[in-house]
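Report on the structure given below.
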Amino acid sequence: EVVVNLRQKGADISSSMYGVFFEEINHAGDGGLYAELVQNRSFEEDEIPEGYRIEGTKLIPLAKPYHLTGEIRERSFEWYGGKIRGWNLKTGDLSEASMRLTKERPMYPTAPNNLELFIQKTTGAVQLVNEGYWGMGIRQNERYHLRTIVRVDPGYKGTLTAKLLSEKGDILARALLPCIPDGEWHDMTLVLTSVATDCKSSLAIEFDAPGKVWLDYVSLFPENTFKKRQNGLRKDVAEMVAGLQPAFFRWPGGCVVEGITLNNRFEWKKTLGDPAARPGEYSTWGYRCSYGFGYYEMLQFCEDIGAKAMYVCNVGLSCQFRMGEASEKSDISYYIDDCLDAIEYALGDTLTEWGARRAADGHPAPFPLQYIEIGNENWGDEYDRRFDMFYQAIKQKYPQLTLIYNEMPERNGPMGITKTDMVDPHYYVAPEFFFRNTDLFDHYERGKHTVYVGEYSCNRGVGGGNMWAALSEAAFIGGMERNGDLVKMASYAPLLENRNNRKWPTNLIWFDSEQVVGRGSYYVQKMAVENRPTYNVANDKVLRATDTASYVSGHIGFGSWATAVEFKDFKWVSKGHRVDVPLGETTRNYGSWSYTDGVLSQTSLETGTQYILKGFKDNDYTLECKAR
Ligand code: AHR
């Protein structure tokens, strides 16, 4: 039994509390949220990240970067490219054809690769086939927009046909592409309507005569994207994300913000404009993303679902778990300016350089950008120094924005920065951690800044995630809500997983080309957002623990145990007499209690000291304490 004062308000629970964290990991974007059906549409995916060479199946750095810790590193990575990812050439028995990547006469120098097809002999047709991301989800009577950029050699005297094929090879849709054999690039579109549903479909371009043809770009989108946006999002996946009613959307990551090396960091400016001209980037998660779900598309999605955007910028540091590179000090201003430009793109009026670019891209009104996270998981002195510079520059120009600092997990001692609005600690833990730490934020210092738990999930020892994991997250959420005066925002991570490409052990939403499902943890998030209390009830009166079993036995997540740690000045009263318990003055000394056979014991979280009290009987005592 917990006695609380219902008339007295406790801390508010912020309306911004629940948001989502997006990163291009597990094919979350390409082959996921982003509706593009063709894999490697621009033929850039076998491009080696700058600063690397291939040796066998490894990417080897050309230079040895100087790590933040002072060591010189030579780290290699697995290379997953190398055979024109996504594309296959199918020749009939007697046909002969070959394909190769070339950078000759690129349509867009920013995305220079194109595919050269050399058809030597045709008896039937030669097919260039793309199976999408583990099959294309093609549905009956749906319209699909095909865009190709093609160059046909004057010697080619045949036709070009686009076909949607079922897994068995049945033709679901078919259309002739204009064939202009003048040796010049032609950008063309057509619509294919499918006669049946098959989620393991593929797209084929057919050639029926000898000669040479080059393809710079082959893209296929369902017409029915989320909110019918062009270059839009896969409807079912986007609806699943929107179902979480996110108050904010954090983008673009995650480690991809930092990159394996600085050259390899995520660059928002390269994600703007014609998708065919976007270079993409080899991601730290083992594949090259297309930059299709770019900055503009992210901001548009935020507007569509009523979320505030959070942009995470690079501070001139690459991922410290990988190459850990730091830019020259003289280059820090470049990274600051790049971040200021990103803000101007979202918020600036159309007379500013980047505001004008936003208008030219199709959105004259500002987008709802509210948060800037300065770096991702960049912990340490060098980061702190840079943070101060970024904070000052951004605050001066955009005082209305909320700026966020990467907080080192289990930080000891004060931060090495002058000021921040929020801190972002991350928790990837075992269920026991969340169950035990529903009181984690009770011990946080108040008054300097608020907290955004930017990445958390139970991902240790729970496989791809299970009910126990989900319940432990629910317990942790209870603790965050109870500390609503401090914890203003939180986002589970990672958000999305293509079932064919799990790069991270547990992820919230699973999908393949056919369906999308939320794991148990998804429904915990949904439950939390749909039942978000507006405020806590103050519990400054008397807390009575009359039920020994449930109260004293320890961490049970939501509820009595978690509530107890709101209090200080504990005193145990047995049969009307105060019992002296060496609990200390504040909740800091408060640890986990256990009760067996009349013996109550506690181990202090802070000192590890164990207190043992004997002679208790079930239902024979009361705990009194004051609100913090
Ligand atoms: O969410 C997966 C990764 O975990 C993120 O990229 C990174 O920020 C964290 O280490």
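Residues in the range 3-53 that are within 16 Å of the ligand (Cβ to nearest atom) and aliphatic (A, V, I, L, M): VAL20, ILE25, ALA28, LEU33.
Taking the condition part of a helix (DSSP H, G or I), surrounded by fewer than 16 Cβ atoms within 10 Å (Cβ to Cβ), assigned by TED's automatic domain parsing to the domain that holds GLU267 and not aromatic (Phe, Trp, Tyr), does ASP349 pass? The answer is no for ASP349. Against the criterion of being farther than 24 Å from TYR18 by Cα and hydrophobic (A, V, I, L, M, F, W, C), PHE390 qualifies. Those helices (runs of 4 or more DSSP H) of the range 232-327 in which at least 3 residues are aliphatic (A, V, I, L, M) and farther than 19 Å from TYR108 by Cβ, considering only elements entirely within it, cover 235-242, 295-305.
One residue stands out among those in the range 257-286 that are more than 14 Å from the ligand (Cβ to nearest atom) and acidic (Asp, Glu): the one that is surrounded by the fewest Cβ atoms within 10 Å (Cβ to Cβ), which is ASP274.
Which count do you get for residues in the range 477-515 that are of a type in the set (Gly, Ala, Ser), more than 12 Å from the ligand (Cβ to nearest atom) and under 26 Å from PHE435 (Cβ atoms)?
Here the count works out to 4.
Give the range 89-104 a look and list any residue that's acidic (Asp, Glu) and either at pLDDT 95 or above or over 21 Å from GLY124 (Cα atoms) (or both), or say none. Passing the criteria: only GLU104. Of the residues making up the range 234-256, those that are more than 16 Å from the ligand (Cβ to nearest atom) and farther than 21 Å from GLN370 by Cβ are ARG234, LYS235, ASP236, VAL237, GLU239, MET240, GLY243. With respect to being more than 16 Å from the ligand (Cβ to nearest atom), within 13 Å of ILE343 (Cα to Cα) and part of a loop (DSSP other than H, G, I, E, B), GLN400 fits the description. Inclusion of GLU45 among residues that are surrounded by 15 or more Cβ atoms within 10 Å (Cβ to Cβ), modelled with pLDDT under 95, of a type in the set (D, E, K, R) and part of a loop (DSSP other than H, G, I, E, B) is warranted. May I ask you to verify whether SER457 is closer than 22 Å to PRO505 by Cα, within 16 Å of the ligand (Cβ to nearest atom), touching a residue at least 60 places away in the same chain (Cβ under 8 Å) and assigned by TED's automatic domain parsing to the domain that holds PHE21? So SER457 passes the test. Does ILE60 meet the test of being of a type in the set (A, V, I, L, M, F, W, C), in contact with a Ser or Thr (Cβ under 9 Å, 6 or more places away or on another chain) and in a loop (DSSP other than H, G, I, E, B)? No. Just the residues that are polar (S, T, N, Q), at pLDDT 95 or above and not in a strand (DSSP E or B), please, taken from the range 105-139. Within the range 105-139, THR110, ASN113 qualify. Among the conditions (1) away from the ligand (no atom under 16 Å from the Cβ); (2) among the small types (Gly, Ala, Ser); (3) in contact (Cβ under 8 Å) with a residue 60 or more places away in the chain; (4) in contact with a Lys or Arg (Cβ under 9 Å, 6 or more places away or on another chain), the only one that GLY362 does not satisfy is (4). Which residue, of GLY10, GLY51, is at pLDDT below 90 and under 30 Å from LEU369 (Cα atoms)? None of the other options fit; the residue is GLY10. Does THR438 satisfy the condition of being more than 16 Å from the ligand (Cβ to nearest atom), assigned to a loop (DSSP other than H, G, I, E, B), of a type outside the set (Lys, Arg) and buried (at least 21 other Cβ atoms within 10 Å of the Cβ)? Taking the combined requirement at face value, the residue satisfies it.
Determine if the range 297-306 includes at least one residue that is in the same structural domain as TRP268 (by TED's automatic domain parsing), among the β-branched types (Val, Ile, Thr) and closer than 20 Å to GLY375 by Cβ. Don't jump to the end; show me each part of the working.
Filtering the range 297-306 down to residues in the same structural domain as TRP268 (by TED's automatic domain parsing) leaves 297-306.
If we keep only those that are among the β-branched types (Val, Ile, Thr) as well, we get 305.
Subset that is closer than 20 Å to GLY375 by Cβ: none.
No: zero hits.
Exactly one residue out of TYR383, TYR391, TYR334 is within 16 Å of the ligand (Cβ to nearest atom), part of a helix (DSSP H, G or I), out of contact with any Cys (no Cβ under 8 Å at 6 or more places or on another chain) and over 24 Å from GLN300 (Cα atoms): that is TYR383.
The values are calculated or read from the model by the stated rules, or taken from the named source; none is laboratory data. Given the structure is predicted, the values throughout are model-derived calculations rather than measurements. For neighbour counting, all protein chains shown are included, and Cβ atoms are generated from backbone atoms with ideal geometry for every residue, glycine included.
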